[in-house]
Structure formats: structure tokens, C-alpha cells
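Below is one structure, written out as C-alpha cells; comments come after it.
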Amino acid sequence: MHDYLLSILLGIVEGLTEFLPVSSTAHLRITQELMHIPLNNGFWKMYSIVIQLGAILSLLIYFWPRLVRFLRTFPHGERGNRTVFNHPLSLVLIAFVVTGVPSFLLTKKIGEHLENFRIFGYSLLIGGIIMWVVDALFGTPRSGSRFKTEHMEEMTLFQSIWIGFCQIFSAVFPGTSRSMSTIAAGQLAGMSRASALEFSFFLSIPTMGAATLYTFYRTVHPKGGGEPMGAMPSSSHEWVVLVIGFVVSFIVALGVVAWFMNWVRRRGFMPFAIYRIIVGIAVLVWVMRGNLV
């Protein structure tokens, strides 16, 4: 396949799966395997990092008005009932720290798991089952009652810490999906589907931003003076490929975020749970047949 078409394909995969609860990491790695992209190729490793930045940018664009309002009303909130400890921006930062510190300490183990398709398969399968059960039991309020947290502005400190803790599993076991873990954790803690999803999006900004920039830095400046894992484009052709992937990822992710917010307000996460289970089983069968490791 021509590099330009391959870049469009990978950009679409990244944009489609980054914020849906299906694991963009697993889908990118599976696509790369199917397209026979060598894992030791420095340019394509750098490419995978850069297109994630396109997806992150889409969140900043989509939620920019909300971000501005949050900043203007800090720390008392839009309703005047928040403090510096439970303002939405503070809760995002707290959840990020709860996730970030253990994930940083487990960087080596996380890197090893990124090459293990068996872990991808089990994470997709088990995560799909968990999502199915959680959404079925906690996706709608009981008759005559309401969710403890209908809107992100009503979140508590405990919910933030709990979601941050659960997000660690998505870092350690790629294929779990960061958005799946945060959404399911939010629902278990009494949040509505929409509020759990919105907090997941906001938490994605610092989490993905920090992880991507750290990976980029370590790729260009490896520890111990070893060989860099990735490489910046060395020709105009590679630069065009990189820009195509970034732009496609941004555009597709922006559309997915807008669509997903509207979808969740009317429906649940069940279709994504079923999809995860099917893909997880397919990956495990692929592994068992010796086509993957």
C-alpha cells in the first residue's frame, strides 16, 4: 500500500478509536501488523506518537468553550458551590496524578505489554464483559431516582480518585482502553453515562498529552545513551506522510467526540462492549493459531 494511503488509514483508525471505549492502542497495533509495518522502523514509531497529538488537539478544540468557563470560574465553579479541592479542573488534575505516578513507575512493564497481542486480546475481551455488565446494572437510574452525579460539575473528590485509580489498569494492560476504564469507573461511582464520558474526555487531555510527550522525549533521547527508538522524518516524503496522519487523526477524532457525546445521551455503551468481545476473541484466536505473539 502506498505510504500516503497507509497514513490516511492509520489516521482514521487513531481518530476513530482514541476516544471510543475500544482501545486505540490495540487497534493501531493490529492495523500495523496487518499492514506489515516493521515495529523497529523509527519513522513509523514516531508517526504513531504524532497522530495521537492530532487526536488530543481535537479535544482542545471541541471543549475549548467549556475549558474557558472552567478557568474563569475557578475555584468557586459556575454554580458557586465548588472549592479549590473539588472544582472540575482540580478533580481532573487529581485523577491525572493518581494515574500518572504509578504509571510512570511501571513504564518498563507497560512497554513490554505493548508488544503482547495476547494481552490485547484478553484486555479487549474482559473489558468488554465488564463494560456490558456495568452499563446494564448502572447505566440507567432506578425507578423514581436519579444519578448521584448527573453533570461533571457535581463530581466529588472520591469519584475523581477512584476514576484515576481505575485508569491505571488501562495503562498497565493495553487493550483495556483508557476511556472504557474511566467510564465504567464513573458509572460504578454513581455518575450518569454523559457525565462519566465528559470527565473521561477532560481527563484525556493531560493524561494523553503527558504520556505522548514523555514517549516522544524518550524516543528521541533514550536512557543510557542508547539508540533512539524513533526517528524524525528524514525526507519531504516522510514529512507529508506525517502531516497527513496528523490532520486525518484530528478531523476524524473531532467528529467522533461530537458524535459520541450525542450518542451516549440517548443510548448506552452496549454496542461497544459487544464489539470489544468479538475483536478480543478474534485476536486470541489469531494468537492461538501462531500468527501473533
>> If I filter the range 247-279 down to residues being among the small types (Gly, Ala, Ser) and within 18 Å of the chain's Cα centre (by Cα), which single residue comes out as farthest from SER48 (Cα to Cα)?
In response: ALA273
> Within the range 48-73, can you find the residues that are buried (at least 18 other Cβ atoms within 10 Å of the Cβ) and either of a type in the set (Gly, Ala, Ser) or more than 17 Å from the chain's Cα centre (by Cα) (or both)?
Replying inline: SER48, GLY54, ALA55, SER58, PHE70
> If you check THR83, THR25, THR31, which single one turns out to be surrounded by fewer than 22 Cβ atoms within 10 Å (Cβ to Cβ), polar (S, T, N, Q) and in contact (Cβ under 8 Å) with a residue 12 or more places away in the chain?
Replying inline: THR31
>> I'd like to verify a number: residues in the range 80-94 that are among the β-branched types (Val, Ile, Thr) and within 19 Å of the chain's Cα centre (by Cα), how many?
In response: 2
> Hey, among the residues in the range 170-195 that are over 18 Å from ARG29 (Cβ atoms) and of a type outside the set (Gly, Ala, Ser), which one's modelled with the lowest pLDDT?
Replying inline: ARG193
> With respect to PHE173, is the statement that it is without any contact (Cβ under 8 Å) to a residue 40 or more places away in the chain, over 18 Å from SER48 (Cβ atoms) and within 14 Å of the chain's Cα centre (by Cα) true?
Replying inline: no
>> Here is a check on your reading of the model: is SER145 crowded, with 20+ Cβ neighbours inside 10 Å, out of contact with any strand residue (DSSP E or B) (no Cβ under 9 Å at 6 or more places or on another chain) and of a type in the set (S, T, N, Q)?
In response: no
> When you go through LEU5, LEU28 one by one, which is the residue that is of a type outside the set (Phe, Trp, Tyr), within 23 Å of the chain's Cα centre (by Cα) and in a helix (DSSP H, G or I)?
Replying inline: LEU28
>> Name the single residue that is farthest from ILE183 (Cα to Cα) among those in the range 228-285 being in contact (Cβ under 8 Å) with a residue 12 or more places away in the chain, not aliphatic (A, V, I, L, M) and not in a helix (DSSP H, G or I).
In response: SER234
> Which residues, counting only those in the range 58-91, are in a helix (DSSP H, G or I) and either touching an Asp or Glu at 6+ places or on another chain (Cβ under 7 Å) or hydrophobic (A, V, I, L, M, F, W, C) (or both)?
Replying inline: LEU59, LEU60, ILE61, TRP64, LEU67, VAL68, ARG69, PHE70, LEU71, PRO88, LEU89, LEU91
> Can you name every residue in the range 151-169 that is free of Cβ contacts under 8 Å to residues at least 60 places away in the same chain, under 21 Å from VAL264 (Cβ atoms) and not in a loop (DSSP other than H, G, I, E, B)?
Replying inline: GLU154, TRP162, CYS166
> Picking from LEU106, LEU71, LEU91, LEU60, which residue would you name as being free of Cβ contacts under 8 Å to residues at least 24 places away in the same chain and more than 30 Å from HIS2 (Cβ to Cβ)?
Replying inline: LEU71
> Before we move on, is GLU198 at pLDDT 90 or above and either among the charged types (D, E, K, R) or in contact with a strand residue (DSSP E or B) (Cβ under 7 Å, 6 or more places away or on another chain) (or both)?
Replying inline: yes
> Being at pLDDT 90 or above and crowded, with 20+ Cβ neighbours inside 10 Å, is that true of even one residue in the range 204-221?
Replying inline: yes
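The values are calculated or read from the model by the stated rules, or taken from the named source; none is laboratory data. These numbers were taken from a predicted model, which means no experiment stands behind them. Because the Cβ atoms are built from the backbone with ideal geometry, glycine has one as well, and the counts that use them run over all protein chains shown.
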